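Remarks on the structure that follows.
The values are calculated or read from the model by the stated rules, or taken from the named source; none is laboratory data. What you see is a predicted model; the values in this text were computed from it and never measured. A quick note on method: Cβ atoms are made from the backbone with ideal geometry, for glycine too, and the neighbour counts reach across all protein chains shown. Note: areas computed on protein heavy atoms with side chains; ligands, DNA, RNA excluded. Shrake-Rupley method; radii C 1.70, N 1.55, O 1.52, S 1.80 Å.
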Amino acid sequence: MRSPSDSSQPSRQVFAITGKGGVGKTTFTAILAKILSAEGVNLLAVDADPPVSLTYALGAQPVKTVGDMRSRLIEDPAEKKKFDEKHTRDVVKEEVLIDLKGMGLLVLGRAEGPGCYCGLNQLLKFGIESLTEQYEITLIDCEAGIEQINRRVIDSISRLVMISDATLKGLQTAAYLRDIASKHGVAGPYETGLVINRAGEGVEALMQKAHEMGLHVLGVVPPDPNVAEYDRVGKPTIGLPDDSPSVLAVREILKGLRRAD
Ligand SMILES: Nc1ncnc2c1ncn2[C@@H]1O[C@H](COP(=O)(O)OP(=O)(O)OP(=O)(O)O)[C@@H](O)[C@H]1O
Ligand SMILES: [Mg+2]
């Protein structure tokens, strides 16, 4: 649902990055953020994985999280009152949005605590959803696996990007994620795309396999020694050199991602 203030963002796109554990979701998301923010795109990054790796990959700190706000809302009625008085989006924006030199960063933080806060979660989801309407592109770095696909952060995902490692097993997992996503109405078959990460020799055969499995291959990212080195010493991925092999590859993939809409 769009509000009148959204008319300035007619081509809003939401890319959710998913895949099994350790395949390179956060790295890919951070590189996308690097490229898009350098282009001056009005960008929102959502760190939806509790260990908040994307936050660090973007060179930020998880100083404010949606999870913390949820706890405050549960414990303090005065906090809850804010929601009754203002648009949920504005509360989320004022309370938890981090400004990274123009790029918005929303850190979800830890998932629900004990008890059922379904109503509150729905409210927060609505707040996050309407916040994305104020951005040209939103990137969501998802938790590994299918949980977040079922219980998604927001409903209006324009593209589900599945990251796989360069193995047949990885492709099978991607096909499984694609099927779950289609079943739950997140994205139809034309709205999912596969990125094969850390792919070297033999990738052509894997791409052929992916094709046979009905997976739309958006592109391939080579093993990049800079990525490994940055992570080894704790340097934010967003600071990778522009001519790093992974950055060059993601730039090409981005062209296809944008074209797809
Ligand atoms: N193209 C690449 N070249 C070299 N190393 C890479 C590449 N992509 C990712 N890595 C390395 O692989 C590891 C996992 O990457 P990353 O954290 O991005 O995966 P993830 O899917 O987000 O993991 P998690 O499921 O834990 O969130 C990291 O150590 C990262 O440095
Ligand atoms: Mg990650």
Matching residues in the stretch 185-244 (open to solvent by 40 Å² or more (accessible area, probe 1.4 Å), within 16 Å of ligand 2 (Cβ to nearest atom) and closer than 25 Å to L168 by Cβ) number 2
Please count how many residues of the stretch 42-59 are in contact (Cβ under 8 Å) with a residue 60 or more places away in the chain and within 16 Å of ligand 1 (Cβ to nearest atom).
12
Output the residues belonging to the stretch 116-137 that are open to solvent by 10 Å² or more (accessible area, probe 1.4 Å) and either charged (D, E, K, R) or modelled with pLDDT under 80 (or both).
C116, Y117, C118, G119, L120, N121, Q122, L123, K125, E129, E136
Scanning the stretch 138-178 for residues that are surrounded by 24 or more Cβ atoms within 10 Å (Cβ to Cβ) and charged (D, E, K, R) gives D141, R178
Restricting attention to the stretch 21-28, does a residue exist that is assigned to a strand (DSSP E or B) and either on the phi > 0 side of the Ramachandran plot or buried (at least 17 other Cβ atoms within 10 Å of the Cβ) (or both)?
no
G113 is checked against (1) more than 29 Å from T173 (Cα to Cα); (2) surrounded by fewer than 21 Cβ atoms within 10 Å (Cβ to Cβ); (3) out of contact with any Asp or Glu (no Cβ under 8 Å at 6 or more places or on another chain); (4) modelled with pLDDT under 95 and fails just one. What number does that condition carry?
(1)
Among the residues of the stretch 42-58 satisfying the criterion of being assigned to a helix (DSSP H, G or I) and either more than 9 Å from ligand 2 (Cβ to nearest atom) or not aliphatic (A, V, I, L, M) (or both), which is least open to solvent (accessible area, probe 1.4 Å)?
T55
If we keep only residues of the stretch 212-230 that are without any contact (Cβ under 8 Å) to a residue 60 or more places away in the chain, under 24 Å from the mean Cα position of the chain (by Cα) and in a helix (DSSP H, G or I), then the residue nearest to ligand 1 (Cβ to nearest atom) is A228
For the stretch 29-41, which positions are within 15 Å of ligand 1 (Cβ to nearest atom) and open to solvent by 10 Å² or more (accessible area, probe 1.4 Å)?
K34
Within the stretch 71-111, tally of residues that are polar (S, T, N, Q) and touching a residue at least 60 places away in the same chain (Cβ under 8 Å)
0
So in the stretch 141-152, with the set limited to residues that are modelled with pLDDT of 70 or more and assigned to a loop (DSSP other than H, G, I, E, B), which one is nearest to L131 (Cα to Cα)?
C142
From the list V63, V91, V96, pick out the single residue that is open to solvent by less than 50 Å² (accessible area, probe 1.4 Å) and touching a strand residue (DSSP E or B) at 6+ places or on another chain (Cβ under 8 Å).
V96
With the first residue restricted to the stretch 23-34 and required to be under 14 Å from A144 (Cα atoms) and in contact (Cβ under 8 Å) with a residue 40 or more places away in the chain, and the second required to be assigned to a helix (DSSP H, G or I) and β-branched (V, I, T), Cβ contacts under 7 Å at 6 or more apart or on different chains are T27/V227; T27/T237; F28/V250
Going by the conditions given, is L73 more than 16 Å from ligand 1 (Cβ to nearest atom), crowded, with 17+ Cβ neighbours inside 10 Å and outside any helix (DSSP H, G or I)?
no
Looking at (1) among the hydrophobic types (A, V, I, L, M, F, W, C); (2) part of a helix (DSSP H, G or I); (3) closer than 23 Å to V52 by Cα, which is the one condition that is false for I253?
(3)
